[in-house]
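Notes follow the structure.
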Amino acid sequence: MEESLEIVNHIYKDSEMAISTLTKLINTLEKKDNKIKDTIEDILKGYERYFKESKKILNKNNCKKEKNSIVSKVMANMGIDKEVKDDNSDSAISDMLIKGISMGSIDLEKKLRKYKDKEIDDKVLELANDFKDFSDNIIEKLKVYL
């Protein structure tokens, strides 16, 4: 079960960071005329759903929730500010989001492969595969803006 909870914690932590950075990005783009804003809002809602679902599983199992450090959140927010200041085109924002989402997806894939011979709870495996599919679908939606 420890491996299952590590996977859920990854989804929790990844979703938490996504919520934080996407909220920052939405606020940064608030007064700008970007077509990508509605897509970002939809992505945010998806991450909020996975955050709540992973949190529920961790709470049910009395598992400590791993959170992103304040430093990593500040660095991510500074990165968003810099990227949007340098180029706030939909293409540049899409590129930035695709890179970030890909990193999280790759990390999840590594965890799943690491534990492929272990007994992973079916619900956790389903959640992880859904989350991975969600990430892949987001990337495809964002490619339209490239």
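Which value, in Å to one decimal place, does the Kirkwood hydrodynamic radius take for the range 74-114 when every pair of different Cα atoms is included?
11.3
Past the 16 angstrom mark, what percentage of all C-alpha to C-alpha distances in the range 15-101 do you count? Let's see the in-between values first.
On the way: 2072 of 3741 pairs.
Tail fraction, whole percent: 55.
Inter-label distance, Lys99 to Leu146: 1.4 nm, where each label sits 7 Å from its Cα along the C-beta direction.
Any idea of the accessible area per residue across the range 58-124, 1.4 Å probe, to the nearest Å²? Spell out each step's value before the answer.
Working: 4720 Å² over 67 residues.
Normalised by residue count, the accessible surface of the range 58-124 is 71 Å².
Computed over the chain, relative contact order equals 39 percent, with contacts defined as Cα pairs under 8 Å that lie 6+ residues apart.
Quick one: of Lys37/Lys82; Lys73/Lys143; Lys35/Lys73; Lys45/Lys114; Lys60/Lys116, which pairs are farther than 21 Å apart, Cα to Cα?
Pairs exceeding the cut-off: Lys73/Lys143; Lys35/Lys73; Lys45/Lys114; Lys60/Lys116.
Per-residue Karplus couplings for the range 92-106, computed as 6.51 cos²θ - 1.76 cosθ + 1.60 with θ equal to phi - 60°, are listed in order as 5, 5, 4, 4, 4, 5, 4, 5, x, 5, 4, 4, x, 5, 5 Hz, Gly and Pro entered as x. Computed with the Debye formula from one identical point scatterer per Cα of the range 38-85, without solvent, the log10 of I(q)/I(0) at q = 0.22, 0.30, 0.33 Å⁻¹ comes to -0.94, -0.99, -1.01.
I want to verify the translational diffusion coefficient of the chain in µm²/s; compute it with Stokes-Einstein, Rh as the Kirkwood radius over Cα pairs, at 20 °C and 1.002 mPa s. The diffusion coefficient I find is 135 µm²/s.
Extension gain, Ser69-Glu6: 0.36 nm per intervening residue step, less the Cα-Cα distance, totals 20.9 nm. Phi angles of the range 109-119 translate, via the Karplus equation with coefficients 6.51, -1.76, 1.60 and θ = phi - 60°, into HN-Hα couplings of 4, 4, 5, 5, 5, 4, 9, 4, 8, 9, 7 Hz per residue; Gly and Pro are given as x.
The values are calculated or read from the model by the stated rules, or taken from the named source; none is laboratory data. Keep in mind it's a predicted model, so treat the numbers as computed, not measured. Positions of Cβ are backbone-derived with ideal geometry, glycine not excepted, and every protein chain shown enters the neighbour counts. Keep in mind that these areas ignore ligands, DNA and RNA; they rest on the heavy atoms of the full protein, side chains included. Shrake-Rupley method; radii C 1.70, N 1.55, O 1.52, S 1.80 Å.
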